[in-house]
Amino acid sequence: MKTVRIDALRPRDHIFSDRKSRLYFHHGIYVGDQMVIHLMGPSKTYNLKPCERCGFTPQAGIFKTCLDCFLNVYSLYRYEYDVSYLKLVFKRSGSCSIWDCRPANQVVETAYRLLKDKSFRSYNFSLNNCEDFAVYCKTGMAMSNQRVIWV
């Protein structure tokens, strides 16, 4: 898996970051200005002070945070879309999909709408996680490779 530089990100990118030695990954939609909209699950770090840059305090739900809060000191990767079926089958690491993406403005608008309306289902690792949220913003269909691995 190749990391991506922050200056290579574009609003609309589905980004993800490893957690717990790549045991799982956290996903979100990059919306520009080093900000990310993502679905957060329950956390044991609720007693942290708010971030000085974005004001975020970890909690469950859909949030717009700075890239630093999203990454939480871990590596940054970009999810690939529109890959060939053969690449998907033989890919050894990283996340990708054979599905087509929505136009960039629609991806960002969807993420902002879900943030505003809080209309995406509540977080559940097995049924509705951060990858489901990001893939939904990109394609209109919720899907998680992590669920396939863990179920």
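The values are calculated or read from the model by the stated rules, or taken from the named source; none is laboratory data. Computed from a prediction, not measured in an experiment: that's the story for all the values here. Backbone-built Cβ (ideal geometry, glycine too); neighbour counts: all protein chains shown. We work out accessible area using only protein heavy atoms, side chains counted, and drop any ligands, DNA or RNA first. Shrake-Rupley method; radii C 1.70, N 1.55, O 1.52, S 1.80 Å.
Can we say Tyr30 is in contact with an Asp or Glu (Cβ under 8 Å, 6 or more places away or on another chain), modelled with pLDDT of 90 or more and closer than 20 Å to Val135 by Cα?
yes
Identify all residues within the range 123-143 that are within 19 Å of Ser17 (Cβ to Cβ) and open to solvent by 10 Å² or more (accessible area, probe 1.4 Å); write none if there are none.
Tyr123, Phe125, Tyr136, Lys138, Met143
Any idea how many residues of the range 51-68 are touching a strand residue (DSSP E or B) at 6+ places or on another chain (Cβ under 8 Å) and either modelled with pLDDT of 85 or more or not in a loop (DSSP other than H, G, I, E, B) (or both)?
So the answer is 11.
Anything in the range 105-120 that is surrounded by 13 or more Cβ atoms within 10 Å (Cβ to Cβ) and modelled with pLDDT under 95? List them, or say none.
Correct list: Phe120 only.
Mind checking whether some residue in the range 28-45 is at negative phi, basic (Lys, Arg), in a loop (DSSP other than H, G, I, E, B) and open to solvent by 100 Å² or more (accessible area, probe 1.4 Å)?
Looking for residues that are at negative phi, basic (Lys, Arg), in a loop (DSSP other than H, G, I, E, B) and open to solvent by 100 Å² or more (accessible area, probe 1.4 Å), one finds at least one in the range 28-45, hence yes.
Basic (Lys, Arg) and modelled with pLDDT of 85 or more: does that describe Arg22?
Answer is no for this residue.
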